[in-house]
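Notes for the one structure printed next.
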Amino acid sequence: MEDTFKLGSHTFKSRFILGSGKFSLDIINAAVQEAGAEIITLALRRANIGGIANILDYIPKGVTILPNTSGARNADEALRIARLARECGCGDFVKVEVIHESKYLLPDNYQTAKATEMMAKEGFIVLPYMYPDLNAARDMANAGAAAVMPLGAPIGTNKGLVTKEFIQILVDEIDLPIIVDAGIGRPSQACEAMEMGVAAIMANTAIATAGDVPAMARAFRQGIEAGRTAYLAGLGRIKDKADASSPLTGFLDE
Amino acid sequence: MKVNGKIISLEKPVSLHEFLEGLGYTVSHVAVEKNGDIIPRAQFSAVMLNDEDSLEIVCFVGGG
């Protein structure tokens, strides 16, 4: 059976969601191809008079657009951005992002849960970006979230799985796909998260700021696939004392 | 009228569609709020603008 995961009624094979920030437009296509990504996030902003290059022209056809609500400081602003994003005609997905401080860019779980409820009622497929808190994740699940997106570390830091144990709690207790979003800086960290049983990884800065962007997109894909395979295989056990791998009998001169 | 926070004077009444094209926007790429209400793209040609209106014109950009 093919290994897939579902968001709303949509099924995905790739477990790598690529963010599109900080890229030059001409490299996005190669990054998406090398990542094997089926979902890419976008932001919504005021359009400049005279028009600008349309980022959608640089994204391979068939890739699902996941608009974020960045810039929203509360649930109402997030809903406004989500509605405008939907008018752009790229589907019903939305990544809720409600942030009102710029130092750590940490999400406001309370406003995010409220926004999740409002958007789910309007038929959006809602993926809330959240601080990995079990109670908040339950609220978002009850509010109609299609997945939850806990942060590994603050946005853009490339610090990795700083919140690892709390993400594990979500994996164990929440009956929705858990997608680690933010902070993942290396393929090894993406792999580690996948070994824990998370459904997918979202990464942006780690790829966009790499020396060779397409190569790093490929490395993340491989790390994510390795971690997923390891999770499905079931990790070997850990022991406190040594346990010889080679036979302890039949030595020479015995 | 106000467009994305900037004052623009409207010489004569025009439809939203004409207005956007006149400013160089690619109509199929943008979403528009007029006086706080979203205007569906299918209504761009039917909606007329006047000098008191306030528009927010948005599009997708790169973002995480």
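The values are calculated or read from the model by the stated rules, or taken from the named source; none is laboratory data. Just so you know, these numbers come straight off a predicted model, no measurement behind them. Here the Cβ positions follow ideal geometry from the backbone for every residue, glycine too, while neighbour counts run over all protein chains shown. Keep in mind that these areas ignore ligands, DNA and RNA; they rest on the heavy atoms of the full protein, side chains included. Shrake-Rupley method; radii C 1.70, N 1.55, O 1.52, S 1.80 Å.
If the condition is being touching a helix residue (DSSP H, G or I) at 6+ places or on another chain (Cβ under 9 Å) and in a helix (DSSP H, G or I), then the range A:201-210 contributes A:A206, A:I207, A:A208. Only residues that are away from every other protein chain (no Cβ under 12 Å) and surrounded by fewer than 23 Cβ atoms within 10 Å (Cβ to Cβ) were counted in the range A:27-41, giving 6. For the structure I just gave you, tell me whether A:S102 is within 22 Å of A:M119 (Cα to Cα) and of a type outside the set (A, V, I, L, M, F, W, C). So A:S102 does not fit the description; no.
Quick grid of which residues meet (1) open to solvent by less than 10 Å² (accessible area, probe 1.4 Å); (2) at the interface with another protein chain (Cβ under 10 Å from one of its Cβ atoms); (3) among the β-branched types (V, I, T); (4) in contact with a Phe, Trp or Tyr (Cβ under 9 Å, 6 or more places away or on another chain):
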{"site": "A:A43", "(1), (2), (3), (4)": "yes, yes, no, yes"}
{"site": "A:L56", "(1), (2), (3), (4)": "no, yes, no, yes"}
{"site": "A:K61", "(1), (2), (3), (4)": "no, no, no, no"}
{"site": "A:T64", "(1), (2), (3), (4)": "no, no, yes, yes"}
{"site": "A:A72", "(1), (2), (3), (4)": "yes, no, no, no"}
{"site": "A:E77", "(1), (2), (3), (4)": "no, no, no, no"}
{"site": "A:R80", "(1), (2), (3), (4)": "no, yes, no, no"}
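Quick check, is A:T11 more than 11 Å from chain B (Cβ to nearest Cβ), open to solvent by 20 Å² or more (accessible area, probe 1.4 Å) and free of Cβ contacts under 8 Å to residues at least 24 places away in the same chain? Can you show your working first?
Working: more than 11 Å from chain B (Cβ to nearest Cβ): yes; open to solvent by 20 Å² or more (accessible area, probe 1.4 Å): yes; free of Cβ contacts under 8 Å to residues at least 24 places away in the same chain: yes.
So A:T11 fits the description; yes.
Do we have A:A141 as small (G, A, S), open to solvent by less than 10 Å² (accessible area, probe 1.4 Å), closer than 18 Å to A:K95 by Cα and away from every other protein chain (no Cβ under 14 Å) here? In short, no. Looking only at the range A:222-230, decide whether some residue is over 23 Å from A:A153 (Cα atoms), open to solvent by 100 Å² or more (accessible area, probe 1.4 Å) and of a type in the set (S, T, Y). No, that holds for no residue. Of everything in the range A:231-254, what is in a helix (DSSP H, G or I) and exposed (fewer than 15 other Cβ atoms within 10 Å of the Cβ)? Give them in sequence order. Correct list: A:L232, A:A233.
Which one of B:I7, B:I38 is in contact with an Asp or Glu (Cβ under 6 Å, 6 or more places away or on another chain) and of a type in the set (A, V, I, L, M)?
Working: B:I7 fails: in contact with an Asp or Glu (Cβ under 6 Å, 6 or more places away or on another chain).
Of the residues listed, the single one that is in contact with an Asp or Glu (Cβ under 6 Å, 6 or more places away or on another chain) and of a type in the set (A, V, I, L, M) is B:I38.
Listed conditions (1) within 7 Å of chain A (Cβ to nearest Cβ); (2) at pLDDT 90 or above; (3) under 16 Å from A:N48 (Cα atoms) are all met by B:I38, apart from (3).
Looking at B:E56, B:E33, B:E21, which is the one that is closer than 30 Å to A:G21 by Cα, surrounded by 13 or more Cβ atoms within 10 Å (Cβ to Cβ) and more than 8 Å from chain A (Cβ to nearest Cβ)? Within the list B:E56, B:E33, B:E21, the selection yields B:E21.
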